[in-house]
Amino acid sequence: MRSLFFSGLFIFMVSLFLGYPVLPGLDEAKGPQAPTGLRCEYLVNPLGVDTLKPRFSWVLEHGERGQGQSSYEILVSTQPNAEEGDLWASGKVDSTDSTQVVYAGKPLQSGSSYYWKVRYWDRDGRQSPFSQVARFDTGLFSRADWKGKWIGGKNQLRKEFELGKKALRARAYVCGLGYSELRLNGHKVGRNVLDPAWTTYDKRALYVTYDVTGYLQTGPNAVAAMLGQGWFKATVLLVQINIELEGGEKLEVVSDASWKGMDGPVVANSVYNGETYDARLETPGWDRAGYDDGQWSAAEVVAGPKGVLSAQMMPAIQVVDTIVPLKMASPEPGVYVFDMGQNFSGWAQLRVRGQRGTAVKLRFAEMVYDNGMINQENLRGARAEDVYILKGEGEEVWEPRFTYHGFRYVELSGYPGVPAVNGVRGRVVHTAVEPVGSFACSKPVLNSLQRIIIWGQKTNLHSTPTDCCQRDERMGWMGDAQGTAEEAIYNFDMAAFYANFLRDIRDVQDEKGTITDTVPHIWGSRPADPAWGTAYPLIAWYFYQYYGDRRVLEDYYDGIKKYVEFLRTRAENDLVKFSYYGDWVAVDRTPGDIVSSFYYYYDVKVLAEMAKVLGKEADAKAYGDLASAIKTAFHREYFDPKTRSYANGTQTANTLPLFLDLVPEKMRGSVWGSLFDNIVYKNNSHLTTGIIGTKYIMELLTNNGSSDLAYDIATQTTYPSWGYMIENGATSLWELWQLRQGPSMNSHNHPMFGSVGSWLYKALAGINLAPESTGFEKIRIVPQMVRDLRYAAGSTRTVRGEVSSSWSRDDRTVRLEVVIPVGSEAEVVIPGFNLENVVIKEGDQAVWNGQGYKAGIQGIRSIEKAQAGFLIKVGSGRYAFKLQGD
Ligand code: BGC
């Protein structure tokens, strides 16, 4: 008591001293709080917003449960305090929308900064304080805003310019292909690497916007750029720096023939093969003012990419982490092999001292042979080799700029002397999407699984969702992308990333409506395998469902319809049979045509749903009818009454029709039986599915009351299973269920089997969108308390705020804590809790006493007995339930 009193007094004194409002009144503390998490076009303070009608989102905060927004007010201003709302003062708008609210103020200008804030009124009409001010900057809206020219000819370019006064605001817009590093007055600008994102350059090239105010100085300045080959496989640069000086003068520094160039120390670079850097060719001071570039040649004005310029509106690739090696060995004299302990994408940073001209070679691999030497066999055509040639000046620290590798092991040769174990460090490089999810449970193998999913997923986000990061591919293979999209959405903030990827897909579509297996298109075919092409409708649909974004449907509806219409031209008797990969890398092969027909149905059905959302009644009807026709044809063609199975009766062949309800009601039981037999008796509760079947089978089992079996599958440690990968040392997901280490196709970092990641959240933590709901406005928390699982906890930050569910149990008790965002509501289902004399408490208040629900607890709307369990309806807030029975 005493110490409580004294600490209370202490806080009181401190608040007085700091001038805080002393101990806010109780009601004030409980009421609506200032909104947080302000985003414009899914990004916090984005630069280069290139839409005239950006959208705003915020997260509601409230001290009470069961609350939400009834009205909001937004102010958008040219002034940093956003007091005025001189561009848009929305006034009090009666609406529950707190995501993707469309800008409706005065026209936005190109290349400008804007500031905004928001407040809301809760359901009882109480007003929140305003949020903090957030900023967004528009990009260059039209080609005419670009005053510079594309230049090239050399890979290192520079230009000096003079500023007569202090710069108050400066933005650099830069597109340097394939990759570029912008430098100002001796410093690299920003933290992006491997920039800009890879696109179909004939259609669209991305420029990156930087706030460079702080890099400039009054007097002489220098701007410079280094260029790499990247995926463009040539080097060109377009830069524009718009500067506002004290006193109001404005000027532009742009790329043109007045720039100078030379080919610097990066003597070779390629995404797959690596980089060679000759430090003897460095020209110190080249990126600062006052450097004598008399020997440099004039930059050439060159043709740029054919596509339009558009702003890069997603997180860039960055060095996200640094890893110190676990150990170093020397399997042969002069050869040192470092084990990073983790398979990842990126490169190594080298530290070395030695004589000028010494060449140190770094080679990268996912595996080592028994003798400790690295095994690069599975890299196929990718050389994965960096070379650093010393200048011979003390300690030299170097890392490449224009390549990346997928690896766990680094081999050093040519090193002068013996390197220290931290002579190299791993630099983890990928698109810097924000992690938003976490999952953990009482079963160690599932925690390991979550870990390898996370590594597999994030290190395969390299501006496109790549298949792998080590061998000669690293492409946006669409089948892999669609299969992992839901998992990725639970684990990372993927909104801006997929918004960009959908544009990438649109960019590859041709007049016939076809799209390609890889986006941008390098490998694979046109038209895409239907199980790959489905990424277009499915990712758009997931986007709509998880982020509640209708504009995505508006923007892509026509393209998706065109794609579906193309598929229709390839249909015979309502089935689409062409297929190249089908249920890719399965243990038991499923005929490709059933997979293609399944996706034909799926795509048409999703299109019909989209039409419904957009109010396109005629399309909704027409595609609804087409879907029914496909459904009939599918069963007629693939069902075999003798085997009570579809096609050849593999797990995938029966899973697909069950998942989308293509099985006539009266046959459902027997098809279930066949699937069950196959899994349990034939395969001892192991999967034999490829990436397609795997995506659906776990969820199918859970949705049909077989979570125990799904759990058995998920926790296997013998072949084929995720646990088998883990037992065999996987630190990221493998491409194959099999352990292979030879020259064949076997990447050890391939995210596609990580589709099970969404099942961990949906089934074990129990976090689901309610059917028919979008953007987590309505939530269903249905944790599966299976077998020996004693606890599980998951949380994911949604567009409306954090959703979390964590539970634990013993024989008679279940504890469940859930967090529901303000403005959302949830059905919480505790299945299989069928004890007698159940008492449910929330915190320390009884809310169910054996007979029924005790009303009057804030946020709890109802409690019912349901299917051998309980159904609790709640509004927003944090709840701690405890169920106890005999
Ligand atoms: C890629 C895959 C891809 C597949 C298409 C492979 O080489 O790595 O992940 O989906 O080809 O069949």
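The values are calculated or read from the model by the stated rules, or taken from the named source; none is laboratory data. Computed from a predicted structure; not experimentally measured. In this analysis, Cβ positions are derived from the backbone assuming ideal geometry, glycine residues included, and neighbour counts consider all displayed protein chains. Just the protein is used for accessible areas: all its heavy atoms, side chains included, with ligands, DNA and RNA removed. Shrake-Rupley method; radii C 1.70, N 1.55, O 1.52, S 1.80 Å.
Side notes on the structure shown:
- Condition check for ASN491: open to solvent by less than 10 Å² (accessible area, probe 1.4 Å) and either more than 10 Å from the ligand (Cβ to nearest atom) or on the phi > 0 side of the Ramachandran plot (or both): yes
- Tally, over region 742-763, of residues that are of a type in the set (Gly, Ala, Ser) and more than 14 Å from the chain's Cα centre (by Cα): 4
- Annotation note: Cβ proximity below 9 Å between a residue of region 358-380 that is over 19 Å from GLU399 (Cβ atoms) and open to solvent by less than 10 Å² (accessible area, probe 1.4 Å) and a residue that is of a type in the set (A, V, I, L, M, F, W, C) and in a loop (DSSP other than H, G, I, E, B) (sequence gap 6+ or interchain) occurs for ASN378/MET745.
- SER824 meets all of the listed conditions (1) surrounded by fewer than 18 Cβ atoms within 10 Å (Cβ to Cβ); (2) under 38 Å from the mean Cα position of the chain (by Cα); (3) not β-branched (Val, Ile, Thr) but one, namely (1).
Yes/no per residue for (1) open to solvent by 10 Å² or more (accessible area, probe 1.4 Å); (2) among the aromatic types (Phe, Trp, Tyr); (3) in a strand (DSSP E or B); (4) within 16 Å of the ligand (Cβ to nearest atom):
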position	(1), (2), (3), (4)
GLN716	yes, no, no, no
GLN738	yes, no, no, yes
MET752	no, no, no, yes
ASN768	yes, no, yes, no
GLU772	yes, no, no, no
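- Filter pass, LYS260 being out of contact with any helix residue (DSSP H, G or I) (no Cβ under 6 Å at 6 or more places or on another chain) and free of Cβ contacts under 8 Å to residues at least 24 places away in the same chain: no
- Residue within region 429-450 that is open to solvent by less than 10 Å² (accessible area, probe 1.4 Å), within 16 Å of the ligand (Cβ to nearest atom), closer than 28 Å to VAL595 by Cβ and part of a helix (DSSP H, G or I) present: no
- A count restricted to region 237-296 and to residues that are assigned to a loop (DSSP other than H, G, I, E, B) and either touching a Lys or Arg at 6+ places or on another chain (Cβ under 8 Å) or not charged (D, E, K, R) (or both) stands at 28.
- Only strands (runs of 3 or more DSSP E) whose full extent lies in region 111-171 are considered here, and the ones with at least 2 residues that are in contact with a strand residue (DSSP E or B) (Cβ under 7 Å, 6 or more places away or on another chain) and either open to solvent by 30 Å² or more (accessible area, probe 1.4 Å) or free of Cβ contacts under 8 Å to residues at least 60 places away in the same chain (or both) are 113-122, 156-163.
- Selected residue (only one of ARG474, ARG408 is within 16 Å of the ligand (Cβ to nearest atom), out of contact with any helix residue (DSSP H, G or I) (no Cβ under 6 Å at 6 or more places or on another chain) and basic (Lys, Arg)): ARG474
- Counted residues, region 726-736 - those being within 16 Å of the ligand (Cβ to nearest atom) and either assigned to a helix (DSSP H, G or I) or charged (D, E, K, R) (or both): 1
- Residue count for region 320-352 satisfying the condition of being loosely packed, with under 15 Cβ neighbours inside 10 Å and not in a strand (DSSP E or B): 4.
- Candidates ASP574, ASP588, ASP593 - the one that is surrounded by 18 or more Cβ atoms within 10 Å (Cβ to Cβ), at positive phi and modelled with pLDDT of 95 or more: ASP574
One line per residue, one yes/no per condition, for (1) away from the ligand (no atom under 16 Å from the Cβ); (2) open to solvent by less than 30 Å² (accessible area, probe 1.4 Å):
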position: GLU385; (1), (2): yes, no
position: ILE389; (1), (2): yes, yes
position: PRO416; (1), (2): yes, no
position: ALA481; (1), (2): no, yes
position: GLU486; (1), (2): yes, yes
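- Hits in region 532-573 - residues which are of a type in the set (Gly, Ala, Ser), touching a residue at least 60 places away in the same chain (Cβ under 8 Å) and within 16 Å of the ligand (Cβ to nearest atom): GLY533
- Region 827-875, residues that are on the phi > 0 side of the Ramachandran plot and under 35 Å from the mean Cα position of the chain (by Cα): GLY832, GLY859
Okay, residues lined up against (1) among the small types (Gly, Ala, Ser); (2) within 16 Å of the ligand (Cβ to nearest atom); (3) in contact (Cβ under 8 Å) with a residue 24 or more places away in the chain:
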position: TYR580; (1), (2), (3): no, yes, yes
position: ARG589; (1), (2), (3): no, yes, yes
position: VAL595; (1), (2), (3): no, yes, yes
position: TYR602; (1), (2), (3): no, no, yes
position: LYS605; (1), (2), (3): no, no, yes
position: ALA608; (1), (2), (3): yes, no, no
position: ALA611; (1), (2), (3): yes, no, yes
position: LYS616; (1), (2), (3): no, no, yes
position: ALA620; (1), (2), (3): yes, no, no
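Residue-wise test of (1) part of a helix (DSSP H, G or I); (2) open to solvent by 10 Å² or more (accessible area, probe 1.4 Å).
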{"residue": "LYS512", "(1), (2)": "no, yes"}
{"residue": "PRO520", "(1), (2)": "no, no"}
{"residue": "TRP523", "(1), (2)": "no, yes"}
{"residue": "ARG526", "(1), (2)": "no, yes"}
{"residue": "TRP532", "(1), (2)": "yes, no"}
{"residue": "ALA540", "(1), (2)": "yes, no"}
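- Every residue from region 506-524 that is more than 15 Å from the ligand (Cβ to nearest atom) and either among the polar types (S, T, N, Q) or free of Cβ contacts under 8 Å to residues at least 40 places away in the same chain (or both): GLN509, ASP510, GLU511, THR514
- Subset of region 683-714 that is part of a loop (DSSP other than H, G, I, E, B), polar (S, T, N, Q) and under 26 Å from LEU538 (Cβ atoms) - its residue that is nearest to the ligand (Cβ to nearest atom): THR689
- Residue check, ALA540 among the small types (Gly, Ala, Ser) and under 16 Å from ASP619 (Cβ atoms): yes
- Residue in region 786-799 that is more than 27 Å from the chain's Cα centre (by Cα), under 30 Å from THR99 (Cα atoms) and open to solvent by less than 40 Å² (accessible area, probe 1.4 Å) present: no
- The residue list TYR201, TYR207, TYR179 contains one member that is among the aromatic types (Phe, Trp, Tyr) and open to solvent by 20 Å² or more (accessible area, probe 1.4 Å), which is TYR201.
- Residue list for region 832-886, filter: open to solvent by 30 Å² or more (accessible area, probe 1.4 Å), of a type outside the set (Asp, Glu) and touching a residue at least 60 places away in the same chain (Cβ under 8 Å): GLN858, ARG861, ARG878, ALA880, LYS882, GLN884
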